[in-house]
């Protein structure tokens, strides 16, 4: 029995070595192809209808731009924006008028350099450290990864493991795989109207995304990124948590977590607008003075 177990362990180690080698090769290719072929910032050129007309344009299933002007102008979009404008505030009638008045706005893909910049910005984002601290505290309180021990040292080990999970996955998925597979790592809000339709759309974005041509495609960067990160975690997780079953559990849990995250991205703008509408004026003044990035403001 001991010989068979030793043989299985050696097979697992060899498999992990192959996976780690493949990940390193993937990252090297992405660094060369993604950053080397960076695109310059793009500008959308649109012809605007007469002053009496208001048009709301939509691209694909979930992108919009509002224009109110009487002469042609250039609408400059940030080429490396993580947030995509939501379109729920537009009425169906306005969207229909936009389609006939000005036509669709051309989809602008992210360059390899933009995808790398998104990864870097998320790396030092306060939300990243706040989320990692919460997850590490929860794991510490519930006794997850008992081999890490207790006390401040055990909490610090859990925090390090959680940060490693987040950062490695963002590098592999947001930058490396999305660059190699020519997919867009951003979330595009839905243009559907009912709550159930929007919720279904958001939850299924883990299986569907846009490619660099603007077409919907299978979200292979999501699945491969989650699977690669789950396998990479076996390099620093405690030995009892490195089994195949544990790896698949982390894989499924990460996909579920991403679906919940997409739901939050879909409905957070609505919650912000509701809060903004009913918040006292004093609260609104305080919010205006806070150093909140423009894309995070209601």
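The values are calculated or read from the model by the stated rules, or taken from the named source; none is laboratory data. Since the model is a prediction, treat every value here as computed from it, not as a measurement. Neighbour counts run over all protein chains shown; Cβ positions are idealised from the backbone, glycine included.
Things worth noting here:
- Failed condition for residue 184, given (1) touching a strand residue (DSSP E or B) at 6+ places or on another chain (Cβ under 6 Å); (2) surrounded by fewer than 15 Cβ atoms within 10 Å (Cβ to Cβ): (2)
- Against the numbered list (1) modelled with pLDDT under 95; (2) in contact with a helix residue (DSSP H, G or I) (Cβ under 8 Å, 6 or more places away or on another chain), residue 253 comes up short only at (2).
- Residue 194 being surrounded by fewer than 19 Cβ atoms within 10 Å (Cβ to Cβ), without any contact (Cβ under 8 Å) to a residue 60 or more places away in the chain and within 18 Å of residue 265 (Cα to Cα): yes
- Filtering 262, 216 for residues that are in contact (Cβ under 8 Å) with a residue 60 or more places away in the chain and in contact with a strand residue (DSSP E or B) (Cβ under 7 Å, 6 or more places away or on another chain) leaves a single hit, 216.
- Test: residue in region 155-163 that is closer than 27 Å to residue 270 by Cβ and out of contact with any strand residue (DSSP E or B) (no Cβ under 7 Å at 6 or more places or on another chain): no
- 3 or more residues over 15 Å from the mean Cα position of the chain (by Cα) and outside the structural domain of residue 80 (by TED's automatic domain parsing): qualifying helices (runs of 4 or more DSSP H) within region 107-197: 126-142, 151-169
- Just one of the numbered conditions (1) in contact with a helix residue (DSSP H, G or I) (Cβ under 7 Å, 6 or more places away or on another chain); (2) surrounded by 17 or more Cβ atoms within 10 Å (Cβ to Cβ); (3) under 20 Å from residue 222 (Cβ atoms) is not true of residue 114: (1).
- Residue within region 234-244 that is crowded, with 21+ Cβ neighbours inside 10 Å and free of Cβ contacts under 8 Å to residues at least 60 places away in the same chain present: no
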